[in-house]
Amino acid sequence: MASAKETYRAELRAAARQLGERCLYSAAKWAAELLVGVDLDAAPAPSAAMDSPSSSSAAAGRLLHLHRSGGSSFRHRPRPGGGSSSEAGTPLGGVSYVSTPIPDDDAFDSGGDKYLLAKTYFDCREYRRAAHVLQNQAGRKAVFLRCYALYMAGEKRKEAEMIELEGSLGKSNAVNQELVALERELSTHRRTGSIDSFGLYLYGLVLRDKGCEGLARTILVESVNSYPWNWSAWSELQSLCTSSDILNNLNLKNHWMKDFFLASTYLELKMHEEALKRYERLMGVFRCSGYIQAQIATVQYSMRDLDEAEMIFEELLRTDPFRVDSMDIYSNLLYAKESLTALSFLAHRVFLTDKYRPESCCIIANYYSLKGQHEKSVLYFQRALKLNRKYLSAWTLMGHEYVELKNTPAAIDAYRRAVDINPRDFRAWYGLGQIYEMMGMPFYALYYFRKSSYLQPNDARLWIAMAQCYESDPLQMIEEAIKCYERAANSNDTEGIALHQLAKLHGMLGQSEEAAVYYKKDLERMEVEERQGQNFVEALLFLAKHYKSIGSFEEAEHYCTRLLDYAGPEKETAKNMLQGIKRLQSGFPSMDIDHFAL
């Protein structure tokens, strides 16, 4: 009996060939890359029983960089519970995967020659010629390619109409004119049982484009259950899983490909610990997979573990120097670390590899943005969007560049285009909030900040932005601001803004005890981080005055003594307070003029 990894290889080998023959090239590429990623000597298998969140997660590191939102040593550092010594075909928890037979193709029947001709036309982007050649072919494979060619012809025409009507980046109501006829034909095939899993995948695409998301999910689930190796179908299903409730209600067979889908969807839904756990288990079998390593690096970037993510990306580039996939995430990471030299090297490399890939243009745009050349950055983001109008990161990051250029209308348009593509992009909602706050429209800003914080509730920066909006002069809603700062303080506010503001606001409200608590916490944080500045001095001065006012002279003297190390008016204030404390401790009355009054 063949081992599980030999079974994985056989399945992926057949899938890469079958997907390529149906012109599903992205899915074929994914399967082929995964095939060579199977570790020849690996024993652990991906687990099908990994539905509980990881208990070893740390609260720290979940804050995404709002402007740019993610080695061999990496392979030797498994997380606790991430490895297993079980046989590849026996997942942890004793749960076995279902066995899905690889379907036979019907390509070389009486119409096999015509199918080869149609595929050639399809490869040359002559989609209508391809559909015409297969007009009278009844085989399932021929029916799929004919319908897929018509779908692509409609998409090609839609893109041309959009450019003709509104320009390459303009909005347009142009639609794929083939959708109605395709839906009619594919639904008939489904009712009569004459449709295969590839036809179901195409039917799901058509329904998604028509806005029938619920039915599209059902159809795509049927497709992946009958043929689980089509990563394009899984990806479309993922795009329709906008919440964990929708994900949990999917009726999916327990094939090993389901683990890849769940890991990717967890990452999209910001369930980072769950995603990381699954990917690290999958590495037990697919140890050489560049895709899994890139996904783990993306998770680490999203959790703000930038050094670990950078190490993995560097290893990927060493083993695959002409790789462009996922390198835009790497460029975001380098931007966040302000590593201009490394980002320059990466931009030069992708430019020489393939300068007309959308990812390449995005990387070059990040490079110019980090150099402060925002006009050039916008130019390259626009090039990326001309190549792929649905490139989410490019819309969001171009909005940031327009903010830098003070081009408010263009920034708003870019952010709105981003949320149209993916309503779960919290960075775009945050950007809109910033824009409206700058325009003096705090209620609009609050609406967008709330949207972003709902999508990313553990991001301290979003709560701080909302709190500052509540604090602004038009609103002055101090109690609401305090609530937001408290959420930020509990969400790993690495910059310490929330603690300082909580102390100030409680002080403004006359709540000295609460203010003292937060000033002490902020002081402890700054001492640990060895930070000293105006906030440090302000905290010392408040605590000195507070403890003097409540009669805790030793505490007050301690903070006053520390203030003597700093120049400025606070030092003189501390000296006067120390003198006053000593008089109070010695029992002598205050030496003011009224004391000598007759």
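Pairs 158/270; 548/575; 270/371; 483/571: which are spaced more than 25 Å apart, C-alpha to C-alpha? Violating the 25 Å limit, Cα to Cα: 158/270; 270/371; 483/571. Each of 157, 190, 22, 349 has its accessible area taken with a 1.4 Å probe; listed largest first, they run 157, 190, 349, 22. Accessible surface calculations at 1.4 Å, restricted to protein heavy atoms, place the stretch 216-343 at 30 Å² per residue. Mean separation of Cα pairs under 8 Å and 6 or more residues apart, divided by the residue count, gives the stretch 497-586 a relative contact order of 19 percent. Accessible surface for the stretch 497-586, divided over its residues, is 55 Å² per residue with a 1.4 Å probe. Centre-to-centre separation between the Cα atoms of the stretch 286-336 and those of the stretch 216-235: 27 Å. Only protein atoms count toward the accessible area here, which uses a 1.4 Å probe; on the chain, the carbon and sulfur part of that area reaches 51 percent.
Our coupling estimate for the stretch 518-533, obtained by passing each phi through the Karplus curve with A = 6.51, B = -1.76, C = 1.60 and θ = phi - 60°, is 6, 5, 5, 4, 5, 5, 4, 4, 5, 5, 5, 7, 6, 9, 9, x Hz, Gly and Pro reported as x. Panel note: the C-alpha atoms of the stretch 476-598, placed on their principal axes, show extents of 59, 32, 22 Å (largest first). For Cα Rg over 2.2 N^0.38 Å, pick the label among (1) 1.10; (2) 1.20; (3) 1.05 that corresponds to the value derived from the coordinates. Matching the structure shown: (2). Computed from backbone phi, the HN-Hα couplings of the stretch 443-449 come to 5, 4, 4, 4, 4, 6, 5 Hz, rounded to whole numbers (Karplus: 6.51 cos²θ - 1.76 cosθ + 1.60, θ = phi - 60°; Gly and Pro given as x). Across the stretch 381-387, coupling constants 3J(HN,Hα) worked out from phi with the 6.51/-1.76/1.60 Karplus curve, θ = phi - 60°, read 5, 5, 4, 4, 6, 5, 7 Hz, and Gly and Pro carry x.
Compared with the alpha-carbon gap, the fully stretched path from residue 341 to residue 441 is longer by 32.1 nm at 0.36 nm per residue. Using bins of 10 Å that start at zero, the share of Cα-Cα pairs per bin across the stretch 391-456 amounts to 27, 57, 16, 0, in whole %. Candidates 311, 12, 153 compared by Cα position along the dipole of the chain: farthest toward the positive end lies 153, with charges placed on Cβ. Taking all protein chains as shown and a probe of 1.4 angstrom, residue 374 keeps an accessible surface of around 30 Å².
The values are calculated or read from the model by the stated rules, or taken from the named source; none is laboratory data. Just so we're clear, the structure is a prediction, and the values are computed from it rather than from any experiment. Backbone-built Cβ (ideal geometry, glycine too); neighbour counts: all protein chains shown. Ligands, DNA and RNA are stripped out before the accessible areas are found, and what is left, the full protein with its side chains, is counted by its heavy atoms. Shrake-Rupley method; radii C 1.70, N 1.55, O 1.52, S 1.80 Å.
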